[in-house]
1. Per DSSP H run of at least 4 residues, take -39500 (n - 2.57); add these up for the protein assembly as shown, divide by its residues and hand me the 222 nm value, nearest 500 deg cm²/dmol.
2. Residues of segment A:187-231 that become at least 50 Å² less accessible with every protein chain present than in their own chain isolated, using 1.4 Å: which are they?
3. Share of the protein assembly as shown's accessible area from carbon and sulfur, percent, 1.4 Å?
4. Under a crude label model (7 Å from the Cα following the beta-carbon direction), how far is B:LEU23 from A:PHE113 in nanometres?
5. Indicate the gyration tensor shape class of segment A:176-232 (rounded, prolate or oblate), computed on the Cα atoms with a ≥ b ≥ c the square roots of the eigenvalues: a/c under 1.5 is rounded; otherwise a/b larger than b/c is prolate and the rest oblate.
6. What residue among A:SER20, A:LEU79, A:TYR39 has its Cα farthest toward the positive end of the dipole of segment A:1-86, where the charges are +1 on Lys, Arg and -1 on Asp, Glu, each on the Cβ?
7. Length gain on complete extension for the stretch A:GLU13 to A:LYS256, per 0.36 nm per residue less the alpha carbon to alpha carbon distance?
8. Can you work out the FRET efficiency for the pair A:THR320 and A:LYS227, with r the C-beta to C-beta distance and R0 = 45 Å, to the nearest 0.05?
Amino acid sequence: MSERILLYSQNKELTEQVKSYIKDIMYSLESTDNIDKLYSLLNSQESSLLVYDFLETTKENQNNLANILSEYPFQLVILLINREEGDEFLQMMENYHVYDIVSYPIYKFKFHFAITKAVTYGKVMSKISDFKSNEKQVFESMIKVFDWRKELDTRKVESLANELIHQINISFFHGSGLGSLISTLSILFSKAKFDEEKKVYLVHEKIYHLLKDNYDEILKLSDSLTKTQAILAEKDYYTEKLPLKDFYSALTAMVKGMKPIAGIKNQKIVMGDFPRELASKSIIASPENLKLVFDELLTNAIKYSEDGDTIYILFSHDKTDLGIRILNPAYKNSDGTVGITEGNAHKIFEPFFRLTNVVDDRFMQETFRFGLGLTVVNKIIDLHKGSISFYTTDNSMRKDTNTKDVCVWVRFPIL
Amino acid sequence: MKKILIVDDSPMVLNIIETALSLEDYDVVRASNADEALKKIEESKFDFGIFDVNMPGKTGIELVPLILNHPNGKSMKIVILTTESSAEIRKKGEDAGASAWMVKPFKNAEMVELLKQLGE
């Protein structure tokens, strides 16, 4: 594309002469004798060079030139001037950053030389400007990346750490964990009496029984951590071909066995029919670990439901997967949200994460009581090449249809 | 003998506090949630209360004004018991009318001393 030169002149003869010279060097030219039009052309930013006729140094022309040079400080300008203009004028032009001057009479080769030199300069400056602009963009992107990293490294990590420590604190020190043992030991130390004669400490039987209870609880904590560690490390993980009718029978037996736990809050568990067409199908599974999965999921559904609620277990399937949905009523969280939100749907599988600070000790029979349950469940399902997701959905099973349900959807590949 | 109402959803925590305070000659009555505590206050007067914050149903902080506004609980000194010791939650407890705060896991000597001070 040829360079586009802009000429401002009220001298028709000069305009024609410049047109002719520009044509020789294969550039295109737009000329105007109207100052407003000139502004409009400059605003369009289509011309790389302005040739300004300053042969007539009237006050008006001086003002026009001064305004243009100050309003378009990056516009490349060549002035056409009379030979008689003195140093004082040239000094003034320099202050306005005029690129070059061509004096009258205008000789063709001198004009060509000035124009091509100015255009080349303009191209270089444009490249530098682009480079600077790109460099600035890269720099700004880098700053953003570093700011983001900084945010991750500080506030977000601090926030995650804070959340994690908070959850661990609740898991281990609330209720029947290490916290209870510390409190019991503090009673022991303050109330034990030393028998000088026999050189033994005497402990009240109430304290002894407390210690025994605490010891049993800490054993559970230890067992829970050991089991979690073994599952997460994929140790002792054996699978077998499990007929789905056997899986359904085992789940039915488990639901029956959970009646006392459901009875704590007068709840019931309703199981849907098993798809008959799957009777001859199987999955690859570890029955022992599957029991842990459904024990944990059903206990959670019971814990997070209220008095008298019903928990549903529904079965579905497609060509490749068996789907099991466990539904329980969704309730308002402390932050005003209901059930499982997008924000916490992925967090619930994180170790020690709890949706609530309440640790309901009525469900002390759980294998994984310390905020580790869903982490283990997720891992076991992963080992079965299945999937698990939690979400909140409209209630379609219960009388009050304006409510929501929490649904956990577990899928296993069918053989 | 001073009478104290302890409210916590954890049977283990109730056992510990009951054991500790019975050995200090307190008459201890236990409740596993706020509703049960409100029934206990209907039945008799208490000198002290130790309420856990995080319980299923009403929290310990929500329970404080309900107890203090009851004729049998007007003169009670209530200690809030929790794993969380943030200033915000302490402020909520104070605003609700609690007299003191105890962080889990609590130390026996500190709990006994605190009740002694509140009783003076």
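The values are calculated or read from the model by the stated rules, or taken from the named source; none is laboratory data. Because the structure is predicted, anything quoted here is derived from the model rather than measured. Cβ placement follows ideal geometry from the backbone for every residue including glycine, while neighbour counts extend to all protein chains displayed. Just so you know, the surface numbers come from the protein's heavy atoms only, side chains and all, with ligands and any DNA or RNA stripped out. Shrake-Rupley method; radii C 1.70, N 1.55, O 1.52, S 1.80 Å.
1. Details: 18 runs with 252 residues, N = 535.
Counting only the DSSP helices, I get -15000 deg cm²/dmol.
2. For segment A:187-231, once contacts with the other chains are taken into account, A:ILE187, A:LYS191, A:LYS206, A:LEU210 lose 50 Å² or more.
3. 52
4. Going by the 7 Å Cα→Cβ label model, 10.8 nm.
5. Numbers: a/c = 3.66, a/b = 2.88, b/c = 1.27.
Prolate shape, in that a/c is at least 1.5 and a/b is the bigger ratio.
6. Value: A:SER20.
7. Result: 76.8 nm gained on full extension.
8. Details: r = 31 Å, r/R0 = 0.68.
Result of the calculation: an efficiency of 0.90.
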